[in-house]
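Each value in this text was obtained by applying a stated rule to the coordinates, not by laboratory testing. On a predicted model such as this, the values are computed, not experimentally measured, just so you know. Here the Cβ positions follow ideal geometry from the backbone for every residue, glycine too, while neighbour counts run over all protein chains shown.
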Amino acid sequence: MAEQPGTLLYYLKRSTEFLEKKEIPNPRVDAEWILADLLNLPRIKLYSQFEMPLSQKEIDLYRERIVERSKRKPVAYITGKKGFHQFEYLVSENVLIPRPETEELVDYLYKQRETLANEFPNGLEIWDLCSGSGCIGLSLSLLLKPNLVVLSDISEKAIETSKSNAEKYNLTNVKFYVSSLDKTLPSEMQFDVIVSNPPYIPESEKKDIMPDVLDYEPHLALFVSDIVSFHRDLFNSVKQRLKPGGWFLMETHPNYIQELETLAVSLGFVSTNRILDSSKKERFLFLKTESKSES
Ligand code: GLN
């Protein structure tokens, strides 16, 4: 049965066709996300509302947003939000859109919650370095109920976005610092667990990055000019800020992880482990500092 003009299904189909013509990879799914967000409905609910007529205002807004998507603007920047783990965070073009791999990093620590509780019986103090939207640190705050989470990012605008996300979830145990590495953190501050998804794409790979990312996401959050020297500074900051026996879990580039692991060992981290993501790539580097009993 052909859909009735003016109904939700009618506009959904026209939008899908338009995005398809513009070679957007998942046109129907994107058209659904954008419409669901506009109507403030869960995406699945669209399916029981196909016959609903759209108002002129809804039609105009939908058209505007579909045109944005046709120009490759990521759906998360159009809707202003992104689901992550069990949560949903506000995003803007000032922050990286949280990625599924990063959910795996959070999940890895969540699964270790009993070990964490045993190793750090007085409660956790966590630092999310290069925090962007705050997706890692805030999710850990919600999942692990630590005593303190520190978010730091070099971008003031990113910190503003992460503050909105902390407010959204009424998190009061979070501190924020605009900072290059640990430069502006109080000098005595140390942590049990440090997490980071720092920029890790070498500039030389820019040419392979799809326009949705390259034209819209903050380059500061994605690219590094010298991956080794950047990580040397980062590891040194982390090492200084980790308590004895502390954990550091970092997302990184599978092609460089081995070299970075060697670097970390040369800087004095005692235990290292490379962890696979769900596509079987070595994506996460897990480092520990010497515990008190070992020293
Ligand atoms: N921690 C944030 C994320 O994983 C931001 C990362 C970044 O800006 N490199 O999405």
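Between segment 117-187 and segment 43-82, what's the alpha-carbon centroid distance in Å?
One Cα centre to the other: 32 Å.
Measuring from label point to label point, each 7 Å out along Cα→Cβ, what is the Asn255 to Glu188 span in nm?
4.6
For the pair Leu263 and Val228, how long in nm is the line joining their label points, each one 7 Å along Cα→Cβ?
The modelled label-to-label distance comes out at 0.8 nm.
Two decimals is fine: what is log10 I(q)/I(0) at q = 0.12 Å⁻¹ for segment 53-131, from a Debye sum with one equal scatterer on every Cα and no solvent?
Values returned for q = 0.12 Å⁻¹ are -0.55.
For segment 20-159, what relative contact order do you get, as a whole percent, if you take Cα pairs closer than 8 Å and at least 6 residues apart?
16
Would you mind ranking Tyr47, Tyr177 so that the residue whose beta carbon has the fewest other beta carbons within 10 Å leads the list?
In increasing order of surrounding Cβ atoms, one gets Tyr47, Tyr177.
With a ≥ b ≥ c taken as the square roots of the eigenvalues of the C-alpha gyration tensor of segment 253-295, please select rounded if a/c is under 1.5 and otherwise prolate if a/b is larger than b/c or oblate if it is not?
Note, shape of segment 253-295 comes out oblate.
Could you size up the charge dipole of segment 100-208 around its Cα centre, putting +1 on the beta carbon of Lys and Arg and -1 on that of Asp and Glu, and report it in debye to the nearest 20?
Around 300 debye, computed over segment 100-208.
If R0 is 22 Å, what FRET efficiency do you get for Ile154 and Asn273 from their C-beta distance, rounded to 0.05?
Numbers: r = 28 Å, r/R0 = 1.26.
Computed FRET efficiency for Ile154 and Asn273 comes out at 0.20.
Just the number, please: percent antiparallel of the DSSP beta bridges in segment 42-175, rounded to the nearest 5.
35
Take each of the peptides 265-271, 275-281, average the number of other beta-carbon atoms within 10 Å over its residues, and list them starting from the highest. Before the final figure, lay out each step's value.
Numbers: 265-271: 14.3, 275-281: 12.4.
Top to bottom by mean Cβ count within 10 Å: 265-271, 275-281.
So what's the back-of-envelope 222 nm ellipticity for the chain, counting only DSSP H runs of four-plus at -39500 (n - 2.57) apiece and dividing by all residues, rounded to 500?
Value at 222 nm, helices only: -12000 deg cm²/dmol.
Could you work out the local net charge near Thr7, counting Lys and Arg as +1, Asp and Glu as -1, over the other residues with Cβ closer than 12 Å to its Cβ?
-1
Would you please name the GluC sites (Glu not before Pro) within segment 186-295 that are DSSP coil residues with at most 11 other C-beta atoms within 10 Å of their C-beta?
Glu188
Once you keep just the Cα pairs under 8 angstrom separated by 6 or more residues, what percentage relative contact order results for the chain?
Reported as a whole number, the value is 13 percent.
List, in order, the whole-Hz ³J(HN,Hα) value for each residue of segment 101-114 obtained from phi through the Karplus relation with A = 6.51, B = -1.76, C = 1.60 and θ = phi - 60°; use x for Gly and Pro.
3J(HN,Hα) across segment 101-114, in whole Hz: 4, 5, 4, 5, 4, 4, 5, 4, 5, 4, 5, 8, 4, 5.
For segment 123-263, what value does the Rg/Rh ratio take when both radii are computed over Cα atoms and Rh is the Kirkwood radius, given to two decimals?
Reported Rg/Rh, Kirkwood definition of Rh: 0.97.
For a test of the definition: using alpha carbon positions, the gyration tensor, and the 1.5 limit on a/c, classify the chain as rounded, prolate or oblate.
Because a/c hits 1.5 or more and a/b exceeds b/c, the chain counts as prolate.
Of all beta bridges DSSP finds with both residues in the chain, what is the antiparallel percent, to the nearest 5?
Taking every DSSP beta bridge within the chain, about 45 percent pair in antiparallel fashion.
Give me the one-decimal nm value for the distance between modelled label points at Asn118 and Val178, 7 Å along each residue's Cα-to-Cβ direction.
In this crude label model, Asn118 to Val178 measures out at 4.4 nm.
In percent, what relative contact order does segment 156-228 have, based on Cα pairs under 8 Å that are 6 or more apart in sequence?
Computed value for segment 156-228: 26 percent relative contact order.
Could you give the size of the charge dipole of the chain about its Cα centre, using +1 on the Cβ of each K and R and -1 on the Cβ of each D and E, expressed in debye and rounded to the nearest 20?
380
Give the lysines reachable from Lys243 as a straight Cα distance under 20 Å; neighbours fewer than 8 places away on the same chain don't count.
Hits, sequence-local ones excluded: Lys145, Lys175, Lys183, Lys288, Lys292.
Hey, fewest Cβ within 10 Å first, where do Trp127, Trp33 land in order?
Ordered from fewest to most neighbouring Cβ atoms within 10 Å, Trp127, Trp33 come out as Trp33, Trp127.
Of Phe18, Tyr89, Gln112, which is farthest on the positive side of the dipole of segment 1-112, counting Cα position, with +1 on Lys and Arg Cβ, -1 on Asp and Glu Cβ, and the Cα centre as origin?
Toward the positive end, the furthest listed residue is Phe18.
Quick check on segment 18-154: take the gyration tensor over C-alpha atoms, sort the square-rooted eigenvalues as a ≥ b ≥ c, and tell me if it's rounded (a/c under 1.5), prolate or oblate.
prolate
May I ask for the Kirkwood hydrodynamic radius of segment 219-278, worked out over all distinct Cα pairs and given in angstroms to one decimal?
Final number for the Kirkwood radius of segment 219-278 is 12.5 Å.
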